[in-house]
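Please read the structure below before turning to the comments.
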Amino acid sequence: MARTAGSAADDTRQRILDIAVDLFIEQGYAGTSVRDISERLGMTKGSLYYHFASKEEVLNALVAPLLEDLDQFVLDAAAAGKIDRDLLERLVNLLDEHGVLLRSLMGDPSVLHGLTIRRSMPQRIAALQRSLADSDHAALGVINAGAIAPRFDTVGADGSYARERAVRTRLSEQEKRFVVDAALAVLSVPV
């Protein structure tokens with residue numbers, strides 16, 4: 001939680017979060033230090049610590065909106081009683097919106113150690129699974145592969161794979177429809 005209030009402090013906090021994501025994409029979470037973040041921002045470490053007590057606190061602030069959105073989705077899906085196209089579109093949009101962050105953190109085991117909410121993650125995933133009525137995990141797998149997994153079609157002109165392009169790429173509307181249709185098919189919901 002921010003230790004300061006007001007628009008200037010909020011703006012600074014957001015700049016810190018934006019730079020942290022950039023550095024996590026470039027260097028990974030484990031490879032990024034508070035010093036790296038403060039230097040990129042042109043501020044002292046002390047100034048950064050005024051807004052965030054640790055790198056782990058930065059990580060938790062980045063992940064909190066995603067978790068809140070997922071929790072709300074699970075509640076709304078339970079209230080709806082059944083999964084339909086609108087709910088799946090909402091889930092795919094939610095994961096695509098947060099995809100840059102998710103892709104930048106995937107595969108880095110130190111991320112789980114830095115998250116204070118790590119103990120609640122298995123319960124959250126199980127609740128998401130139940131909300132999809134997806135006992136064999138296939139629909140969630142389709143959604144993960146379509147909306148979250150790194151994009152391997154982001155090859156540069158020289159033929160090299162560009163991690164930053166792959167992490168930052170968002171789904172097109174056509175790709176979102178395809179992911180939703182595939183998930184609906186796996187769940188045997190009429191398209």
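The values are calculated or read from the model by the stated rules, or taken from the named source; none is laboratory data. What you see is a predicted model, and the numbers here were worked out from it, not measured in a lab. We place every Cβ from the backbone using ideal geometry, glycine too, and count neighbours over all the protein chains shown. Ligands, DNA and RNA are excluded from the accessible area calculation, which covers all protein heavy atoms including side chains. Shrake-Rupley method; radii C 1.70, N 1.55, O 1.52, S 1.80 Å.
Give me the residue from region 83-96 that is without any contact (Cβ under 8 Å) to a residue 40 or more places away in the chain and open to solvent by 60 Å² or more (accessible area, probe 1.4 Å) and, out of that set, nearest to the chain's Cα centre (by Cα).
R90
Can you name the condition, by its number, that R40 falls short on among (1) among the charged types (D, E, K, R); (2) free of Cβ contacts under 8 Å to residues at least 40 places away in the same chain; (3) within 30 Å of A185 (Cβ to Cβ)?
(3)
Restricting attention to region 1-47, which residues are modelled with pLDDT under 95, more than 20 Å from H98 (Cβ to Cβ) and open to solvent by less than 20 Å² (accessible area, probe 1.4 Å)?
A9
Within region 139-160, can you find the residues that are open to solvent by 40 Å² or more (accessible area, probe 1.4 Å), modelled with pLDDT of 65 or more and of a type in the set (A, V, I, L, M)?
V142, A145
Given R119, R170, R163, R130, which one is closer than 24 Å to A64 by Cβ, modelled with pLDDT under 75 and open to solvent by 20 Å² or more (accessible area, probe 1.4 Å)?
R119 is the lone residue from the list that is closer than 24 Å to A64 by Cβ, modelled with pLDDT under 75 and open to solvent by 20 Å² or more (accessible area, probe 1.4 Å).
Does at least one position in region 107-114 carry a residue that is within 20 Å of V142 (Cα to Cα) and at pLDDT below 90?
yes
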